Amino acid sequence: MAETIIALGHRVVTTREPGGTRIGERLREMLLHTPMTHEAETLLMFAARVQHVRETILPALQRGAWVISDRFTDSSYAYQGGGRGLSAQLIGELERSFVGVQPGLTLLLEVGVNEGRQRATGRDSFPDRIERERDEFFERVRTTFLARAEADPQRFRVVDAGRPAGIVAADAVAQLR
């Protein structure tokens with residue numbers, strides 16, 4: 001994806017959440033490996049996100065660069081909201097109060113829970129605490145992501161990620177164009 005945007009003559013910053021900054025990466029380790037309450041998880045996700053926005057995303061946008069982030073606020077609606085059962089109102093308030101920026105385009109790489117689990121198992125030798133959640137959790141996450149995409153079709157593009165990687169990548173680039 002980044003290569004395509006660069007080939008079109010644009011600067012690109014690639015990043016991830018949680019993470020994207022020194023503080024964000026430290027919080028990522030805590031979030032993925034330390035047992036905590038759902039509320040603490042949500043607040044730490046937003047703490048990492050606020051730092052990410054201020055330190056990485058806004059400066060890149062101000063320089064005229066494109067930003068590609070693996071996950072952003074929609075993930076909190078899906079994981080902490082849909083998956084953990086926290087209120088979308090709370091997440092929305094945190095988003096409005098502290099984030100202040102929304103993607104121009106969100107590519108939702110959609111795949112079923114079973115296939116997603118198989119892929120996660122194939123890349124990690126030891127699953128983190130979120131990857132160890134039950135299938136029902138991931139079904140709620142998936143349902144929430146799809147509902148958000150349906151509610152905002154101007155911003156979301158749903159890409160069938162159950163196909164071979166090259167086809168998925170080509171579809172994602174086509175959606176970007």
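The table below lists the values:
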| read-out | value |
| --- | --- |
| Average projection area in nm² (convex hull over Cα atoms of the stretch 48-177, one quarter of hull surface) | 8.8 |
| Contact order normalised by residue count of the stretch 80-169, Cα under 8 Å, 6+ apart, percent | 42 |
| Accessible surface of the stretch 1-121, 1.4 Å probe, proportion on carbon and sulfur as whole % | 56 |
| Alpha-carbon centroids, the stretch 51-111 and the stretch 132-177: separation in whole Å | 15 |
| 1.4 Å probe accessible area per residue over the chain, in Å² | 57 |
| The stretch 1-148 - percent relative contact order, Cα under 8 Å, separation 6 or more | 27 |
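The values are calculated or read from the model by the stated rules, or taken from the named source; none is laboratory data. Quick caveat: nothing in here was measured; it's all calculated off a predicted structure. Just so you know, the surface numbers come from the protein's heavy atoms only, side chains and all, with ligands and any DNA or RNA stripped out. Shrake-Rupley method; radii C 1.70, N 1.55, O 1.52, S 1.80 Å.
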